[in-house]
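Working notes, beginning with the structure itself.
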Amino acid sequence: MSGAVKTIADVAAQPFTSVADAVHALSAVGDRGIWSDGRLTPWSDAVRAVAVRIAALRDLMGSSSSQSRTTTTTQTAPPARPPHVGLLLAGTPEYLHLLGAAACSELVVAGLNPTRRGEALARDAALADCALILTDTDNEALLDGLGPDVQVVNVDSPEWAALLDRHADAALPAVADVPTGPDDLVALVFTSGTSGDPKAVRITQSKISVPGRMLAERFGIGTGDCVYSAMPLFHSNAVMVAWPIALYSGCSIALRRRFSASNWLDDVRRHGCTFANYVGAPLSYILATPERPDDADNPMRVVYGNEAPADVRREFARRFGVTVVDGFGSSEGGISVTRTPATPDAALGPLPDGVRIVDPETGDERPRARFDDAGVLLNADEAVGEMVADGPGLFAGYYGDPAADAERMRGGRFHSGDLAYVDDEGWVYFAGRSGGWMRVDGENLAAAPIERVLRRHPDVAEVGVYAVPAETVRGPAAIGDAVAAAVVLREGVDAWAVADGFGDFLAAQTDLGPKQWPSLLRVTASLPRTASFKFRARDLTSLGAESAGDRVWVRDGSTAGFTPV
């Protein structure tokens, strides 16, 4: 790894290099490329595949190479719909070829989430203005009943193969002839939808180029490295972290159709992977696999992502002999926090210049956090606020949603929707999503600090904290919220034993305030998560204290003991 800690701001200040430039630069590279299903597609072949798909899609959508930056002003009858192509595909080289095609042409790809169904999936495709959707055999049935105004093509079909054959001699468009400026659109990536319907984030050339180059420089990724990419390719984590690192460094990238915890280490060894990306819970899932004495005997150097708890990062680094770096950011790209070697385990990193923690209602800056000797946050009502940046950062807006743009950029500031607080040393701590505020006995509480404490329980593998109506657990006279904790236990642990001793565990946590104690304990086989592995609290909030197949215990607030529902 390089010595200096590179940041988004550092690389954004450098001369811009488009994604198309990076693709063109790989056109003669034959000894590195895309690994998938045990087969290497050299970059030289991948670049030719990009050119073929640009020509094929222009043919299929009734457009032509005349739809370029140099000639669009002469069009007298612009197309009724923009050249947007929906992608409902597994993590294969085909997906990367199509991303490359969008980066090197006027085409725009929209990643569709295969966990969405029916009207929800149709809604996403319509919002993204998809006149064409490319899918595969595994996902094609999800598009049944989509409607006659959207063309669907299966990339596993003979028809797609024949179309590609007809354009086998196509060449890449010259960079000067297509929209490849920093603000030109490459893709649409939907937000995770943890708090409502997903929004389509505009992913520009700059939003791919800047983080890709920053991470390649920061971690010293070169041609001899290999990126391991098992996160969903329709999500920003893969589009802005894994794929562009390989493009800009010229190294190989190893794909897996779908993430597999049990196959992670074997994949890393097979392809000589030195860098991997993650978001959410995958590190926890890998740690849940049986430990082997030779786990650290692998080529992996750096694992980079976000939302991995400190204890998970430490254990993953120990077990596999790697450096785990947890950053902070979002698909929107308005705020990025970079950890430094001195960052406390529980913190995100130093508060960046131009970012403040403010009262979501008034916009006034929040005071610094105060703690007692045990580490309990004493002034959560005062200190916790929304992370807001003075400008848009890399946020390029949402597609087709001006109201969401206006809400996100109120007063010319980027409002992240994330809660945080800052200590006297300037370290910023994540406190959850703004929709995750809990009002307990007249005091505002955030979920993330409680989750950090509950993860210490030796029998708990995963935890998600959320709010339920206080009347659910304390009776009809109660008002406000009650704290609920959903936990996944380690293999072989008895749920009743954990519940019986949970009050004693809480009492022993000196940095857990009395109002932060959960009033509802739910033991579940798995936490509800989005396709990008983020905890989706609203699924559990809607259940209240009902068991729904889980085991649930409650306490009335006056005692430490939990009673089964």
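The values are calculated or read from the model by the stated rules, or taken from the named source; none is laboratory data. Small disclaimer: the values here were computed from a predicted structure and weren't measured. Every residue, glycine as well, gets a Cβ built from its backbone with ideal geometry; the counts of neighbours run over all protein chains shown.
Considering the conditions (1) at pLDDT 85 or above; (2) under 32 Å from the mean Cα position of the chain (by Cα); (3) within 18 Å of A467 (Cα to Cα), R555 is excluded by exactly one of them, (2). All of (1) farther than 30 Å from S192 by Cβ; (2) part of a loop (DSSP other than H, G, I, E, B); (3) in contact with a His (Cβ under 8 Å, 6 or more places away or on another chain) hold for F505 with one exception: (2). Given the condition touching a strand residue (DSSP E or B) at 6+ places or on another chain (Cβ under 9 Å) and not acidic (D, E), answer yes or no: does some residue in the stretch 164-177 qualify? No, every residue in the stretch 164-177 fails to be touching a strand residue (DSSP E or B) at 6+ places or on another chain (Cβ under 9 Å) and not acidic (D, E).
Apart from one condition, V152 fits all of (1) in contact with a strand residue (DSSP E or B) (Cβ under 6 Å, 6 or more places away or on another chain); (2) closer than 16 Å to V239 by Cβ; (3) among the β-branched types (V, I, T); the exception is (2).
Hey, among D345, D359, which residue is among the charged types (D, E, K, R), loosely packed, with under 15 Cβ neighbours inside 10 Å and at pLDDT below 90?
D345
Within the bounds of the stretch 205-225, is there any residue that is more than 22 Å from G33 (Cβ to Cβ), in contact (Cβ under 8 Å) with a residue 40 or more places away in the chain, out of contact with any helix residue (DSSP H, G or I) (no Cβ under 9 Å at 6 or more places or on another chain) and not basic (K, R)? So far as the stretch 205-225 goes, no, none of its residues is more than 22 Å from G33 (Cβ to Cβ), in contact (Cβ under 8 Å) with a residue 40 or more places away in the chain, out of contact with any helix residue (DSSP H, G or I) (no Cβ under 9 Å at 6 or more places or on another chain) and not basic (K, R). Tell me which of these S331 doesn't satisfy, since it passes every other one: (1) part of a loop (DSSP other than H, G, I, E, B); (2) out of contact with any His (no Cβ under 8 Å at 6 or more places or on another chain). Here S331 meets the rest and fails (2).
If you check T71 against the conditions, is it at pLDDT below 95 and over 30 Å from G327 (Cα atoms)?
So T71 fits the description; yes.
Is it true that R452 is under 25 Å from S336 (Cβ atoms) and surrounded by fewer than 22 Cβ atoms within 10 Å (Cβ to Cβ)? Considered against the rule, which asks whether it is under 25 Å from S336 (Cβ atoms) and surrounded by fewer than 22 Cβ atoms within 10 Å (Cβ to Cβ), R452 comes out as yes. Pairs linking a residue in the stretch 463-482 that is in the same structural domain as R452 (by TED's automatic domain parsing) to a residue that is surrounded by fewer than 17 Cβ atoms within 10 Å (Cβ to Cβ) and hydrophobic (A, V, I, L, M, F, W, C), with Cβ atoms under 7 Å and 6 or more positions apart or on different chains, are A470/I479.
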